[in-house]
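Beneath this line is the structure, given in structure tokens, with notes to follow.
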Amino acid sequence: MELDQVFSNLALGFSVAFSPLNMFWCFMGALIGTAIGVLPGVGPVATMALLLPITYFLTPEGALIMLAGIYYGAQYGGSTTAILVNLPGEASSVVTALDGYAMARQGRAGPALAIAALGSFFAGTVATFAIVLAAPPLTKLAQQFAPADYFSLMTLGLVLAVVMASGSIMKALGMIFLGMLLGLIGTDVNTGNTRFTFGIGDLFDGIGFVIVAMGLFGIGEIIKNLGDPERRDLVSSKISGLMPTREDLRRSFMPVLRGTFLGGLLGILPGGGAVLGSFSSYALEKKLSPTPEKFGTGMIEGVAGPEAANNAAAQTSFIPMLTLGIPSNAVMAMMIGGMMIHGIVPGPQVMEQKPDLFWGMIVSMWLGNAMLVILNLPLIGIWVKMLLVPYRLLAISILFFCCIGVYSLNNLWSEVLFMALFGVLGYVFIRLGCEPAPLLLGYLLGPLMEVYMRRAMLLSRGDAMVFLERPLSLTFLIIAAVALILVILPNIRKAREEAFQE
Amino acid sequence: MRVRAGQELATGLLFILIGGGALYIGADYPMGIPQRPGTGVLPRILSWCLVGTGFVLLLQAVVIEAAVVKRAAPTLIGATAASVVVAFGASMIGAEPAWGVLPAVIGFFLLMDRVVPGSAWRPLFAVTLATVAFGMTVDSLGLIAAMVISLTICAAGTPETRWPEYAGFLLIMIALGVGTFVWLLGMPIPVWPVKVPDWLWFLR
């Protein structure tokens, strides 16, 4: 691809992202995201689900820019509290707390925060360029896909989501099947038959994605968190001087580079995303360090690497969603939900038909990251104060926003009841140690896979071999099979379990 | 390890229950021809996969800790028996045999609590009831009444609630809710009661 095309794309992106209104939504997204990231027990997925109905009132660009802002904002917020009060607001900042909090106790919270922010910003910038460079060729490739290829690619995506899921493989597999089955509820568009509707009229159109997501991630989490007794001891440490020393910068440089690369790579994979990126980066830095035994006692490398990795992964996980229309994790599923609310079908055609949306969103991610660096460091005091809001009040507000959010979709009270059902199911899954993210992916991809399966079968006149005869489709299926076999093999499984326990 | 065996067992049963139910409901969905796969193809494949996964999970549970079966057995047998009796009884008096699902669901929750101890029953009931209450009241009693009823039920779900603090917070939430969703976003939601809810038909 020519370089001037890259620049014209970026120029278009800048013109969209820097329009005052979109900058405002970007700011709002980053701000809300940071707040969410600071608060433990409120995740970005639930927040995005809550705000999906509201984005209906925004332009498509504004909606997606804001939703994206919530995601990377949450990464920043999560690490702020991880460092200051040893409370990782997000799963991806759990490892940041190890060395970051140790640094804070030594009175070096400032440098830790600054390195985390600068490392994240650097990683975000690099990852944005990675998207700019990777998106057009991938989109071109995707345009040559036949229905059979799409079917196999989605199979691969779901298999990788199983492989990457922490915990039991069989549970993740079952959650995908269950999600796909739930996705089939409603009217079968090809034949007009209804499936699993129990004769309930409000189910003929299927259960809305927002309802499932809010129930599983919003309501389910409230039940779980209210059940856990609150133990939030606020140990605020004095922040003196944000500036990292020259020594800090020198020691952080390579970890940030490695973290950016590793996180960026892992972010593209389905089921990966920010959490895997930060954990792997921490493990890598520990392995490469001449003094691995000092990790956990305030090593700046243990903050710089993971923070860069989780931000890079957060950005690059947009690549499969933007180019292929395939969500790689629950957050991307939310983004797709946001697109569909505005009648945009995610897929390779988005880049050609809506270039302003596509490039505007990408540039906004970079802009949002820059805003976060400028905003967050001075606002740290406010974020720490936010931790004083007790969960008993948070729970009430989240419940209300879930209810009104779902009700506002179609003004149907029955949908609020469906959400209650999914809330109970979400709590059951938490109790049983089943991650809900694979279910959500299956829920989105199941109906799509049926469409592509039908098209492929029609084109091949009923010959199922079509999935093995097309080279692309065969390649995807082989990768999927190999990944599945590898993960079931005992020794690799052991290593994987260890990696998740780190 | 004890908890994990219980989790796998309960998950396995849940998957078998849902997969089996989907197979039963979807039994008459047409399969179509290979060129035009019918309505029933994917549901059937997925249901069987789900049931199969469930059985593997049961097996794993037994391998991890065989004693988990002993813990689960009484509830399992009891729930199955109750479910059969109810389904049979319902068909005898001319009602839907599907009522048998009800004891099965209750039985599942009891079983889950037995093999994975520590269920948060109070928040579970309160939050679910609060959500249902909101849905059942919002379009008849209006947003404010729905919020008061539903949020109060939710607050009752945790012993940590301090009622004076809650009352103040509720007022803020109502102001915020009505202000944002009705005035600012202009959603067609009644603020004040407009009618007696349908489910209170006997009050009409």
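Per residue of the range A:209-226, in order, report the coupling 6.51 cos²θ - 1.76 cosθ + 1.60 (Karplus, θ = phi - 60°) as ³J(HN,Hα) in whole Hz, putting x for Gly and Pro.
So the J values, rounded to whole Hz, are 4, 4, 5, 4, 5, 5, x, 5, 8, x, 5, x, 5, 4, 4, 5, 5, 5.
Once every Cα of the range A:81-195 carries one equal point scatterer and solvent is ignored, give the base-10 log of I(q)/I(0) from the Debye formula at q = 0.13, 0.14, 0.18, 0.24 Å⁻¹, two decimals.
Per q value, in the given order, log10 I(q)/I(0) is -0.87, -0.93, -1.04, -1.18.
Select from A:Val406, A:Met243, A:Thr47 the residue farthest towards the positive end of the dipole of the range A:3-501; place +1 on Cβ of Lys and Arg, -1 on Cβ of Asp and Glu, and compute about the Cα centre.
Final value for the positive-end residue is A:Met243.
Over chain A, what is the relative contact order in percent, taking alpha-carbon pairs closer than 8 angstrom and at least six residues apart?
28 percent
Whole-Hz Karplus ³J(HN,Hα) for the range A:374-390, in order, using 6.51 cos²θ - 1.76 cosθ + 1.60 and θ = phi - 60°, x for Gly and Pro?
Result, rounded to whole Hz: 5, 6, 6, 4, x, 8, 3, x, 5, 4, 5, 4, 4, 5, 6, 5, x.
Skipping prolines and chain starts, which residues have an amide H placed within reach, meaning under 5 Å, of the one on A:Ile326, given they are 5 or more residues away or on another chain?
A:Met321
Once you compute Rg and the Kirkwood Rh from C-alpha atoms, what is the Rg to Rh ratio for the range B:121-203?
1.01
Taking amide H positions as placed 1.01 Å from N in the peptide plane, with prolines and chain starts having none, which residues 5 or more places from B:Arg36, or on another chain, fall under 5 Å of its amide H?
none
Between the range A:15-79 and the range B:5-58, how many Å separate their Cα centres?
Result: 38 Å between the Cα centres.
Note the direction-averaged projected area, equal to a quarter of the hull surface, for the Cα convex hull of chain B, in nm².
18.3 nm²
Quote the total accessible area buried by chains A and B together, excluding ligands, DNA and RNA, probe 1.4 Å, nearest 100 Å².
Roughly 6000 Å².
Would you grab the residues whose amide H sits under 5 Å from the one on A:Thr194? Only those 5+ places off in sequence or on another chain, please, with H modelled 1.01 Å from N.
Here the answer is A:Asp188, since their amide H atoms fall under 5 Å of that of A:Thr194.
Going from the alpha-carbon gyration tensor of the range A:313-463, what semi-axes, largest first and in whole Å, does one get by taking the root of 5 times each eigenvalue?
Equivalent-ellipsoid dimensions as semi-axes: 33, 26, 15 Å.
Given 37 °C and 0.692 mPa s, how large is the Stokes-Einstein diffusion coefficient of the range B:2-115 in µm²/s, with Rh as the Kirkwood radius over Cα pairs?
Answer from the Stokes-Einstein relation: 213 µm²/s.
Using the alpha carbon gyration tensor of the protein assembly as shown, what are the three equivalent-ellipsoid semi-axes (square root of 5 times each eigenvalue), largest first, in whole Å?
38, 32, 28
What number, in percent, do you get for the relative contact order of the range B:121-203 if the mean sequence gap of Cα pairs under 8 Å and at least 6 apart is divided by its residue count?
40 percent.
Taking only DSSP H segments of four or more residues, each worth -39500 (n - 2.57), what value at 222 nm results for chain A once the sum is divided by all its residues, to the nearest 500 deg cm²/dmol?
Result for chain A: -24500 deg cm²/dmol, rounded to the nearest 500.
Send over a whole-number figure in Å² for the accessible area per residue of the range B:2-115, probe 1.4 Å.
With all protein chains present, the range B:2-115 gives 52 Å² per residue.
Using θ = phi - 60° and the Karplus curve 6.51 cos²θ - 1.76 cosθ + 1.60, what whole-Hz ³J(HN,Hα) does each residue of the range A:349-357 get, with Gly and Pro shown as x?
So the J values, rounded to whole Hz, are 6, 4, 5, 7, 7, 10, x, 5, 5.
Express the carbon and sulfur contribution to the solvent-accessible surface of the protein assembly as shown as a percent, rounded to the nearest whole number, probe 1.4 angstrom.
Reported share for carbon and sulfur atoms: 71 percent.
Sequence neighbours fewer than 8 away in the same chain don't count; with that in mind, list the lysines whose C-alpha is under 21 Å from A:Lys385.
A:Lys238
Find the centroid of the Cα atoms in the range B:99-170 and in the range A:136-208, then give the distance between the two in whole Å.
31 Å
Ordering A:Ser408, A:Ser152 by how much accessible area each has at a 1.4 Å probe, largest first, what is the list?
Ranking A:Ser408, A:Ser152 by accessible area, largest first, yields A:Ser408, A:Ser152.
With equal scatterers on the alpha carbons only and no solvent term, can you work out the Debye log10 of I(q)/I(0) for the range A:1-145 at 0.10, 0.19 1/Å?
-0.44, -1.12
Over the range A:283-340, with the other protein chains present, what is the accessible area per residue in square angstrom, probe 1.4 angstrom?
Ligands and nucleic acids excluded, the result is 23 Å² per residue.
Under a 1.4 Å probe, what is the accessible area of the range A:140-188 per residue, stated in Å²?
26 Å²
The values are calculated or read from the model by the stated rules, or taken from the named source; none is laboratory data. Keep in mind that this is a model prediction, so the values were computed, not measured. Cβ atoms come from the backbone with ideal geometry, glycine included; neighbour counts cover every protein chain shown. SASA here: full protein model, heavy atoms, side chains in, ligands and nucleic acids out. Shrake-Rupley method; radii C 1.70, N 1.55, O 1.52, S 1.80 Å.
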